[in-house]
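Below: one structure, written as structure tokens.
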Amino acid sequence: MDNFDSVNIKFVIAHTLKTLGAYSTAAAKLLELTASLQAEHFSAKPQSGLGLYRIEPCTHLQIWDGYLAFKPDLASTVRGLASQKAFLQNPHLELATNQGYASAIAWMIYQRRELTLPDAEDQQGLTACWTKYFTDSAKPVQPNPRPCPQPQKPLTGSHSPAHSDDHTKRFPAKQLTAT
């Protein structure tokens with residue numbers, strides 16, 4: 001975790017997981033490891049993904065449309081972590097600018113696949129979870145997902161990033177990464 005303040009991100013991750021009702025030491029360590037491995041994995045492709053977890057806009061939409069759309073209470077909690085105005089103007093930018101929201105979406109990537117967490121001290125098991133669930137996160141869980149990034153009517157009303165215009169064309173991922 002060279003590219004960010006690991007002490008502060010631990011607080012953000014813990015707070016986010018507690019807000020989601022999903023806190024455990026193993027879950028927190030998995031998100032910390034995910035941030036580190038994503039940075040390492042994408043070091044050769046700095047334009048890929050947004051924010052600490054390098055989440056692609058397509059994956060972000062799939063989380064909302066294919067998972068959170070069917071869990072309205074959870075969707076409301078996740079949406080509550082996002083900025084009020086900024087989320088509606090450019091939901092994908094929240095992945096880069098709002099670490100709590102980005103951590104929630106990262107956790108949803110795992111949770112939508114019904115993850116069974118290994119022990120918090122099982123580094124190899126946590127890494128295997130990242131490999132199995134996160135590196136394939138752009139692959140949809142449900143058959144026949146909508147192609148990304150074309151907009152579609154949102155299933156979750158104003159909670160969904162798709163509720164606003166599709167800002168991926170106006171703000172492509174490569175323009176959002178810091179230099």
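Read-outs: derived from the displayed coordinates by stated rules, not from any lab. All values reported here derive from a predicted model rather than from experimental measurement. A quick note on method: Cβ atoms are made from the backbone with ideal geometry, for glycine too, and the neighbour counts reach across all protein chains shown.
Neighbour counts of C-beta atoms inside 10 Å place SER48, SER6 in the sequence SER6, SER48, starting with the fewest. Average projection, convex hull of the Cα set of region 14-123: 6.8 square nanometres.
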